[in-house]
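See structure below.
The values are calculated or read from the model by the stated rules, or taken from the named source; none is laboratory data. Computed from a prediction, not measured in an experiment: that's the story for all the values here. Virtual Cβ from ideal backbone geometry, glycine too; neighbours counted across all protein chains shown. Just the protein is used for accessible areas: all its heavy atoms, side chains included, with ligands, DNA and RNA removed. Shrake-Rupley method; radii C 1.70, N 1.55, O 1.52, S 1.80 Å.
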Amino acid sequence: MSADVATDVTGGADVDPGDPRRPWRAGPLLGVFAAAGVLTSADVRVAERLGDLTGEDDATVQLAAALAVRAVRSGSVCVDLTEAPTLAAEGSPDDPDAPAQDIALPWPDLTAWTAAVRASRMVADGVDGPADRPVRWVDGRVYLDRYWRDEQVVRRDVDARLVGLLDVDDTALRAAVHARFGRPQDGRQRLAAATAALSRLTVLTGGPGTGKTTTVARLVAVLRDVTGPGLRVALAAPTGKAAARLQEAVNAELARLAARAADAPAPLTASTIHRLLGWRPSSTRFAHDRTHRLPHDVVVLDEASMVSLPLLARVLDALRPDARLVLVGDPDQLASVEVGAVLGDLVARPVPAGPLPARLATVLPADVPDAAGTGTEDSRDAAALHGGVVRLVVPHRYGHELGALAQAVRRGDADTALELLRAGGAHASLVEPAGEVPTDDEVPTIRGAVSASGARTTAAARAGDVTGALEALGAHRLLLAHRRGPAGVARWSALAERWVRQTTEELQTGPWPPGRPLLVTTNDRTTGLSNGDTGVVVADGGGGVVAVFGEPGSPRLIRPHRLPAVETVHAMTVHRAQGSQFQDVTVVLPPASSPLLTRELLYTAITRARGHVLVVGSAEAVRAAVERPVRRASGLRFAR
């Protein structure tokens, strides 16, 4: 772009001229959007470079491409041009603490803009457009072409897996389901196992504590019963921490089943999805793909809400066409930090029921009454089944009050959520600060919870009580949405550490005082620790200390000098806490205007608690969170 048509966008009283997110120079149109904070330097430079490579100098087409780049950074797969003007009010996906400036933006006329995009040499128009263009327009949505292709992989393979049923003997399946599940309260667990036996795709969803992992273990046992002992099963999860918990929980349940049935199949090993596929450093490709398939007959992916669209596309590429895929997760939780909300899309997309419901109705026992005793829950659920989706709804882990609060948030019912929080019951309560964010002297409840948990952890750690220290570590956790700012982890973690030191009279200045809570920030094969694992420093009884990780019943002890990168974890983001459970949780909400304050964030935070959740924030913040679902643009949930 020539200098005489470039605009300097680094000026302005509120703009840092050294901010790398702001382009130094940009074309007149892109420059206005960059100055407003809607676009960053990366968005502008990619769009301009694509224009140079394809000979496209229309600034409105480059704007569409830049918005598609921005969409990917914010987790969306594409950008819908009809909704693009709303982006100006959402702030930057890179810096939630710095919302977009209030500048009137010169949005192109939608009709002319769409025509220009579709006619551009940069853009492939429609699903049958040229394959060598970097941007694609489909049904009003603008994609970077690689993400459109990933979306097509998922759509095509998922649809193919829902066509036809596997050849399984109905009598053997009925007997296996009855033997492995007996007469559970939740007949949908049976439904999930039968679905996995008959279909090449099962999507097992449900909130925390609804028995998803238990169902997975029994589902595997049913599949072994009906297919034989040689069944090759892979367990995988997005993170090492989630994989370790999946392996431990599934094998524990399989061991209980084996003791009851007098059979002892080999325990299963879980891994990260990247390790399952054969991750190659410095490459976007994996060892397993369409030319080198995974050998497994069944692949179970846990915490599927955290799986990005490109990663699921690579999994589907690597699966044998006849293999079963079981996706397990909660679509109402926070989605992947990368591109897409693929689990939510698969649950929401319209799919014809196909032959599965009728087959299930003949296989499932007819003697499992529902909670009201009015019929067979299995049969009713089978009739409503679509896309292999089975939602578990009976909570087993926490009480009615927490469950009711979580359901109110999930439904978007802000009035009920506020009513339950303000009632201040045994399992949920609300503290409303005078301002948007509580000050230091407004948080005696938070200080009391943090200090009590920290004091108990420190006392057990000083005494060398490994089990007690790990139990105390999981007794309470302080969760926040932001990393920085008045409602961020940096501020509240420092406050929490000060409170704990004052309570425990900790004077030691060394890096490893007993009771220091630890968060692992990188994967480490040598120690077996994974990014997101939490532990605590404990006295070893001989004048030294040891870091302890894992569950209280099966701790892992590692000397400090062998630890990978760790940080002190008196507080963490809600995203970091995903997949973890604590007895009590305190959630400090940011102001209602924060773009991070969403329904999924509040739901995820609330459901981390088994016993009690304390929400600290204004009524406006609670209402904003409940009424603001995450908006991730995608074409996957729409019928084609």
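Here are the numbers for this structure:
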item	result
Using a Förster distance of 25 Å, the FRET efficiency for Arg320-Leu165 (Cβ separation, nearest 0.05)	0.90
Stretch gain in nm, segment Arg45-Ala434, where the contour uses 0.36 nm per residue and the Cα spacing is subtracted	135.7 nm
For region 461-603, accessible area per residue (1.4 Å probe, heavy atoms of protein chains only), Å²	40
Sum of side-chain charges, Leu223 neighbourhood, beta-carbon under 11 Å (Lys, Arg +1; Asp, Glu -1)	+3
Protein-only accessible surface order, largest first, of Arg156, Arg161 at 1.4 Å	Arg156, Arg161
Rg to Rh, two decimals, where the chain supplies the alpha carbon set and Rh follows Kirkwood	0.98
Distance (nanometres) between label positions extended 7 Å along Cα→Cβ at Thr521 and Arg149	3.5
For the chain: relative contact order, % (alpha-carbon pairs under 8 angstrom, 6 or more apart)	13
Computed FRET value (nearest 0.05) for His386 with Arg290, which takes r as the C-beta separation and R₀ as 45 Å	0.95
Surrounding net charge for His612, when Lys and Arg each add one and Asp and Glu each subtract one, Cβ distance under 11 Å	-1
Normalised convex hull volume, region 386-498, alpha-carbon set, Å³ per residue	178
Two-site label geometry, Thr82 and Thr445: point separation in nm, points 7 Å out along Cα→Cβ	4.3
Chain lengthening between Ala565 and Ala172 when straightened (0.36 nm per residue, less Cα-Cα)	136.4 nm
Centre separation in Å (Cα based) which lies between region 54-89 and region 475-491	32
Rounded accessible area of Arg483 (nearest 10 Å², 1.4 Å probe)	150
Helix-only mean residue ellipticity at 222 nm for the chain, each DSSP H run of n ≥ 4 adding -39500 (n - 2.57), per residue, nearest 500	-12000 deg cm²/dmol
Rounded to 5, the percent of DSSP beta bridges in the chain classed as antiparallel	40
Beta bridges by DSSP in region 189-323, antiparallel share as percent, to the nearest 5	20
Inter-part distance where region 422-471 and region 568-610 are each reduced to a Cα centre, Å	14
Charge tally in the Cβ shell below 13 Å around Met122, where Lys, Arg are +1 and Asp, Glu are -1, Met122 excluded	-3
Gain in span if fully extended, Ala112 to Ala348, counting 0.36 nm per residue against the direct Cα distance	81.7 nm
Pair Leu53, Glu627: separation of 7 Å Cα→Cβ label points (nm)	4.4
